[in-house]
Amino acid sequence: LVRHLMLRSIAIAGAVTMATVALAYPIAYFIAFRTRKKTLWLLLITIPFWSSYLLRVFSWKLILGFNGVMNSALISLGLIEEPLTFLLYNEFAVVLTLAHAWAPFAILPIYVSLQKIDRALLEAATDLGCSRLERFFRVTLPLSVPGIIAGSLIIFIPTVGDYVTPSLVGGSQGKMIANLIQVQFGPANNWPLGATLSLAAMASVGLVAVLFVILATALGRRIR
């Protein structure tokens with residue numbers, strides 16, 4: 001059970017990280033290169049922090065629920081005849097909710113990394129005959145790797161230890177290792193086991209994070 005929950009936690013955290021970075025990069029790129037109203041966009045990104053984390057999780061529970069906003073909208077449009085049951089209380093719901101909650105933490109470091117890129121390098125790449133796509137993959141993307149790494153670690157590490165979101169929207173299929181640790185320190189009153197599981201989770205997350213940094217750094221050098 002412990003091994004299964006640990007692997008599931010790492011898999012869910014990895015999926016959340018990839019989904020969040022994939023969502024955050026275009027937004028960060030737009031703010032850094034395509035708009036002059038950077039302050040306004042950065043302010044809009046921070047709006048989710050104005051509300052409680054629990055309220056955001058509960059809002060997704062209302063959206064994805066059996067009689068929630070999503071099912072009601074699909075039924076009203078005639079796309080489905082009865083509510084979908086797979087939207088809530090599974091790994092998908094956990095990944096979606098966490099990706100939304102942690103998106104600003106990925107956008108900001110990627111934006112900072114993109115903002116620091118010397119525009120003269122982009123102009124030089126264009127003068128050398130690079131298309132926009134080639135310029136992105138040869139200059140922009142490699143130079144933004146530090147921001148991607150920072151954002152990924154900021155998301156991955158705390159996501160593994162999240163127990164609130166799996167409890168509210170994950171159901172039995174979305175439980176993570178933190179939920180088991182919470183039970184040991186709470187109802188089970190087995191603090192030694194809870195401490196052991198906590199150390200094991202920390203070691204696992206640390207190992208995965210180090211491997212990720214090494215692989216991402218090597219990939220960034222290869223892209224260059």
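The values are calculated or read from the model by the stated rules, or taken from the named source; none is laboratory data. If you're wondering where the values come from, they're calculated on a predicted model, not measured in any experiment. Here Cβ is always computed from backbone atoms with ideal geometry, including for glycine, and neighbour counts include all displayed protein chains. All accessible areas refer to the heavy atoms of the entire protein, side chains included, with ligands and DNA or RNA removed. Shrake-Rupley method; radii C 1.70, N 1.55, O 1.52, S 1.80 Å.
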message = With a 1.4 Å probe and all protein chains kept in place, how do Thr17, Thr85 rank by accessible area, largest first?
response = Thr85, Thr17
task = Check the straight Cα-Cα distances from Lys116 and name the aspartates and glutamates below 20 Å, setting aside those fewer than 8 residues away within the same chain.
result = Glu134
inquiry  = Please list 3J(HN,Hα) in residue order for region 124-129, calculated via the Karplus relation 6.51 cos²θ - 1.76 cosθ + 1.60 where θ = phi - 60°; whole Hz, with x for glycine and proline.
reply    = 5, 4, 5, 5, 7, x
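Tally Lys/Arg at +1 and Asp/Glu at -1 over every other residue whose Cβ is under 14 Å from the Cβ of Ile27; what's the total?
Details: positive: Arg34, Lys37, Lys38; negative: none.
The answer is +3.
Need one number for region 89-129: average projected area of the convex hull over its C-alpha atoms, nm². List each step's numbers first, then the result.
Working: hull surface 17.3 nm².
Its Cα hull, projected and averaged over all orientations, spans 4.3 nm².
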Derived scalar couplings ³J(HN,Hα) [region 10-16; Karplus, 6.51 cos²θ - 1.76 cosθ + 1.60; whole Hz; x for Gly, Pro] = 5, 5, 5, 4, x, 5, 4
remark   = Hydrodynamic radius by Kirkwood for region 153-200, inverse mean 1/r across distinct Cα pairs, in Å, is 11.1 Å
task = Determine the equivalent ellipsoid of region 21-72 by diagonalising the alpha-carbon gyration tensor, then write out the semi-axes as square roots of 5 times the eigenvalues, largest first, rounded to whole Å.
result = 29, 14, 9
request  = Could you compute the FRET efficiency for Glu134 and Thr35, with r as their C-beta to C-beta distance and R0 at 22 Å, rounded to 0.05?
outcome  = 0.40
message = Please report the carbon-and-sulfur percent of the accessible area for the chain; probe 1.4 Å, protein heavy atoms only, DNA, RNA and ligands left out.
response = 70 percent
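Taking the Cβ-Cβ separation of Glu82 and His4 as r and a Förster radius of 30 Å, what is the calculated FRET efficiency to the nearest 0.05?
Numbers: r = 32 Å, r/R0 = 1.07.
Efficiency at R0 = 30 Å is approximately 0.40.
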task = Treat each spin label as a single point 7 Å out from the Cα along the C-beta direction, and report the Ala203 to Trp191 distance in nm.
result = 2.2 nm
message = Can you give me the angle between helix 91-115 and the longest principal axis of the chain, using Cα atoms only, in degrees from 0 to 90, rounded to the nearest 10?
response = 30 degrees
ask   = Simple spin-label model, 7 Å along Cα-to-Cβ: Phe66 to Gln115 in nm?
value = 4.7 nm
request  = Provide, in order from the shortest bin, the percent of all Cα-Cα pairs of region 1-116 in each 5 Å bin, continuing until the bin that contains the maximum pair distance.
outcome  = 2, 11, 15, 16, 16, 15, 13, 8, 3, 1, 0
Kirkwood-Stokes translational diffusion coefficient of the chain, alpha-carbon pairs, 4 °C, 1.567 mPa s, µm²/s = 66 µm²/s
inquiry  = I want the local charge near Met70. Using Cβ-Cβ distances under 14 Å, sum +1 for each Lys or Arg and -1 for each Asp or Glu among the other residues.
reply    = 0
key: trypsin sites (Lys or Arg not before Pro) restricted to DSSP loop in region 1-102 with at most 12 other C-beta within 10 Å   = Arg36, Lys37
request  = Keeping all protein chains in place, calculate the accessible area per residue for the chain (probe 1.4 angstrom), answer in Å².
outcome  = 57 Å²
request  = Please determine, in degrees from 0 to 90 and to the nearest 10, the orientation of helix 191-223 with respect to the longest principal axis defined by the Cα atoms of the chain, where the helix direction is its Cα long axis.
outcome  = 20 degrees
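Can you tell me what percent of all Cα-Cα pairs in region 41-99 are more than 13 Å apart?
Details: 1115 of 1711 pairs.
Beyond 13 Å sits 65 percent of the P(r) for region 41-99.
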inquiry  = I need the Debye-formula profile for region 101-209: one equal scatterer per C-alpha, no solvent, reported as log10 I(q)/I(0) at q = 0.23 1/Å, two decimals.
reply    = -1.17
